[in-house]
Amino acid sequence: KTRKFCVMRDIGKDPLYKPWQKEAIERGYGSSAAIPLVCDDRTFGALNVYAGICDAFDKEEMDLLLEVGHDIALALKTLEIKEEIKETKEFLQNIIDNTSDLVCTVDLEGRFLSINRAVTELLGYKEEDLIGKSKIDLAVDPELFMNIFREVLEKGSLSNLEVSFKKKDGTIADILYSVTLLT
């Protein structure tokens, strides 16, 4: 409650430990230390350490336990952040997958890194057919596409270009194309 390190030097004699004394003594506990798990003003809980002898925690051990408590709190905060990042990524991917716009990312060689469902539905390919493949291979006019690609690398973005791509069934899809270089 206080976010302060708390040591019970003699569990059997400490009146503050009265509600838990009987159980603690039956378990062989002589002293205890409670270390707050705090990181960035957030309390995650407490680490409770018990010893079979009284007055078991000296200054050096308490310093070590405080450091361990801080490390545990930092690890818990890191896990929490990782979970938030995972949830955010899943949320954003859900938005991307469910938009009717074609959304894809490519590397600097023009190979697909990611695509959304609209791409697979329009072009007729499965995701695994496209990931790692060159987008240029799908272009009806590869030279025009390479010029667009170079221009994007120079300018950073282009908008409202009409580009034709080959669909899996051999037909052509004319797409209004906008592209932005992500850094």
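The values are calculated or read from the model by the stated rules, or taken from the named source; none is laboratory data. Note that this is a predicted model, so its numbers are computed, not measured. Cβ placement follows ideal geometry from the backbone for every residue including glycine, while neighbour counts extend to all protein chains displayed. To get the accessible areas, we keep the full protein, side chains included, count just its heavy atoms, and leave off ligands, DNA and RNA. Shrake-Rupley method; radii C 1.70, N 1.55, O 1.52, S 1.80 Å.
For region 93-133, a residue qualifies if it is open to solvent by 50 Å² or more (accessible area, probe 1.4 Å) and either touching a residue at least 40 places away in the same chain (Cβ under 8 Å) or among the polar types (S, T, N, Q) (or both), and the qualifying residues are Gln93, Asn94, Asn98, Ser100, Leu102, Leu108, Leu122. The set of residues in region 134-183 being within 18 Å of Ser114 (Cβ to Cβ), in contact (Cβ under 8 Å) with a residue 40 or more places away in the chain and outside any strand (DSSP E or B) consists of Leu182 alone.
Condition check ((1) open to solvent by 100 Å² or more (accessible area, probe 1.4 Å); (2) of a type in the set (Lys, Arg); (3) assigned to a helix (DSSP H, G or I); (4) within 30 Å of Arg9 (Cα to Cα)) across all residues:
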residue: Val68; (1), (2), (3), (4): no, no, yes, yes
residue: Ile72; (1), (2), (3), (4): no, no, yes, yes
residue: Lys82; (1), (2), (3), (4): yes, yes, yes, no
residue: Phe91; (1), (2), (3), (4): yes, no, yes, no
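Within region 134-167, if we keep just the residues that are of a type in the set (Gly, Ala, Ser) and surrounded by 13 or more Cβ atoms within 10 Å (Cβ to Cβ), the residue that is farthest from Ser100 (Cα to Cα) turns out to be Ser134.
Residue count for region 1-22 satisfying the condition of being touching a helix residue (DSSP H, G or I) at 6+ places or on another chain (Cβ under 6 Å) and either of a type in the set (Lys, Arg) or in a strand (DSSP E or B) (or both): 1.
For region 62-92, taking the residues that are in contact (Cβ under 8 Å) with a residue 12 or more places away in the chain and over 17 Å from the mean Cα position of the chain (by Cα), the one that is farthest from Asp40 (Cα to Cα) is identified as Met62.
Checked against (1) surrounded by 11 or more Cβ atoms within 10 Å (Cβ to Cβ); (2) of a type in the set (A, V, I, L, M); (3) at pLDDT 95 or above; (4) in a helix (DSSP H, G or I), Ile25 passes all but a single condition, namely (3). Do we have Gly170 as exposed (fewer than 10 other Cβ atoms within 10 Å of the Cβ) and either at pLDDT 90 or above or among the charged types (D, E, K, R) (or both) here? Answer is yes for this residue.
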